[in-house]
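Asker: The structure is given below, and queries will be raised subsequently.
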Amino acid sequence: MSRTLRPCAARTSPEITLAPAAPEVTIARMLLTRRHMIALGAAACTTRAYASEVPTVFAAASLKSVLDEIASEVTPMRLVYAGSGTLARQIQQGAPADLFISANAQWMDAVTPQIMAGTRRDLLGNALVIVGPQGHPPLDLSAAPKGRIAMGFTNAVPAGQYAKAAFEKLNLWDQLEIVETDNVRAALVLAARGEVPFAVTYATDARADPRVKILHRFAPNLHPPITYPMAALSRSYNHTIQALTSPEAAAIFKAAGFTVL
């Protein structure tokens, strides 16, 4: 039997009358309020000036280590990391990003209406691998790996989508025990902690944690090409694209294992 909850009767309380403030107190409050308004206005102007100088860059989680270094050594950036699908949906909903670097073309295509004309280009390439504990022998994938294997969500995270495509071509997908994660770095962490024996990541991610090593490299023809497209979402930050395509940035990308396109 369902029950209908009825609102309680409103409670009344005796009326409270406040004594009028003394004139000098009122004047002091007015002066304090004006001072606060001036101070807050100055702080807001400073914050806006700082925000206008440092672009907000939405970037695929697999770029964290290398973009942190570039932001420190080459050009300042306010960096926001997540799975490319998550970032694209936030951009579609109006998130204030100035630049977007996706881990595949699909999610960059999804934000085409927000892209400044003529700014999209492919920035980097990568390779897909399986990582596992340091003492584990290599995997040849003549059969499905024994044990759980972590990867990004196959409906949203590019690394997970590439992984599914590769395993399907190998006719192994239905034999796997999959653990899906919010992004590729989360999959890496599960393997590094030993919570799963294997994870599918990019080759560059394998360098980010000494607790794991590459056990298998997928042939490039098993999945769509792995590219990182980049595009400006505001008129003010083309200079950041120039910095990210500079020789200084290219050297950092190459040292991290990326292919500069």
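Asker: Using the Cα centre of the range 157-206 as origin and beta-carbon charges of +1 (Lys, Arg) and -1 (Asp, Glu), tell me which of 167, 203, 181 is placed farthest towards the positive end of the dipole.
Answerer: 203
Asker: Let me ask something else. Share of Cα-Cα pairs in the range 69-141 beyond 21 Å, in percent?
Answerer: Value for the range 69-141: 44 percent of Cα pairs lie more than 21 Å apart.
Asker: Kirkwood Rh, Cα Rg: Rg to Rh for the range 116-261?
Answerer: My calculation puts Rg/Rh at 1.02.
Asker: Can you give me the orientation-averaged projected area of the convex hull built on the Cα atoms of the range 208-261, in nm²?
Answerer: Dividing the Cα hull surface by four gives the mean projection, 5.6 nm².
Asker: Let me see the pair-distance distribution of the range 158-198: every alpha carbon pair, 5 Å bin width, integer percents in order.
Answerer: Going out from 0 Å in 5 Å bins, the range 158-198 shows 6, 22, 28, 26, 16, 3 percent.
Asker: Can you give the direction-averaged projected area of the convex hull of the alpha-carbon atoms in the range 185-225, in nm²?
Answerer: Over every viewing direction, the Cα hull of the range 185-225 projects on average to 3.0 nm².
Asker: Here is a further query. With no solvent and one point on each alpha carbon, what is the Debye value of log10 I(q)/I(0) for the range 166-236 at q = 0.13 Å⁻¹?
Answerer: The Cα Debye sum returns log10 ratios of -0.49.
Asker: Quick one: 3J(HN,Hα) in Hz for the range 155-163, Karplus 6.51/-1.76/1.60 with θ = phi - 60°, rounded, Gly and Pro as x.
Answerer: Once θ is set to phi - 60°, the couplings for the range 155-163 become 9, 8, 9, x, 4, x, 5, 5, 4 Hz.
Asker: How big is the dipole moment of the range 121-199 about its Cα centre under a simple scheme where the beta carbon of each Lys and Arg is +1, that of each Asp and Glu is -1, and everything else is neutral? Debye, nearest 20, please.
Answerer: 140
Just so you know, all these numbers are worked out from the coordinates, no wet-lab data involved. Since we're looking at a predicted model, the values are computed, not measured. All Cβ positions, glycine included, derive from the backbone under ideal geometry; neighbour counts span all protein chains shown.
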